[in-house]
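Written below as C-alpha cells is the structure these notes are about.
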Amino acid sequence: MFPDLLDGVNYVRRLNRSAPSGVFWSTNDPIVRLNRAVAVAEVAGAATALREGEALASPSLEEFLPYHAVYADLLRRNERMDVARAAYAKAIARGPSSAERRWLERKAAELRG
C-alpha cells in the first residue's frame, strides 16, 4: 500500500511539471508532504521520513495538530525521546478531541518508560 502511495505522489509530481498551473494538487502543499512523510516512514524508514518532517517545519504548520503528532512519532521511532515528548506536548496543546488527547497523552507517557 505505502509503495503504491509513493508511486502516486511521484506520478502527480510528474503531472504537475507538465500540466497548466493549478490542474492538480500541489506536492509542495505541506499537508501533502506530511502525508508523504508518513508513507516514507513505512517504505524507506523513520530516519528518512524524519528528515522530510524536519524540512516541513514552518509557521503554516505550527497550529496544525497532525504535524506535531506525526513529527513526535517520527522522533520516537528515531529514539529522540526528549524532543518527541516536546512534540507530543505541542500536539496536546493544539486542543485535540478527548479521544485524540488520551492517545497523545498515552504515547507521551510511554516515552517516560
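A few notes on this one:
- Conditions (1) modelled with pLDDT of 95 or more; (2) touching a Lys or Arg at 6+ places or on another chain (Cβ under 6 Å); (3) more than 19 Å from A37 (Cα to Cα): number failed by L65: (3)
- Of the residues making up segment 52-77, those that are touching a residue at least 24 places away in the same chain (Cβ under 8 Å) and either under 16 Å from E105 (Cβ atoms) or not β-branched (V, I, T) (or both) number 17.
- Residue that is farthest from L50 (Cα to Cα), among those in segment 78-102 that are part of a helix (DSSP H, G or I) and touching a residue at least 24 places away in the same chain (Cβ under 8 Å): E100
- Scanning segment 70-91 for residues that are aliphatic (A, V, I, L, M) and surrounded by 21 or more Cβ atoms within 10 Å (Cβ to Cβ) yields V70, A72, L74, L75, A84, A87, A91.
The values are calculated or read from the model by the stated rules, or taken from the named source; none is laboratory data. Treat the numbers as computed from the prediction; the structure is a model and nothing was measured. Neighbour counts are summed over all protein chains in view; Cβ atoms, including those assigned to glycine, are modelled from backbone coordinates with ideal geometry.
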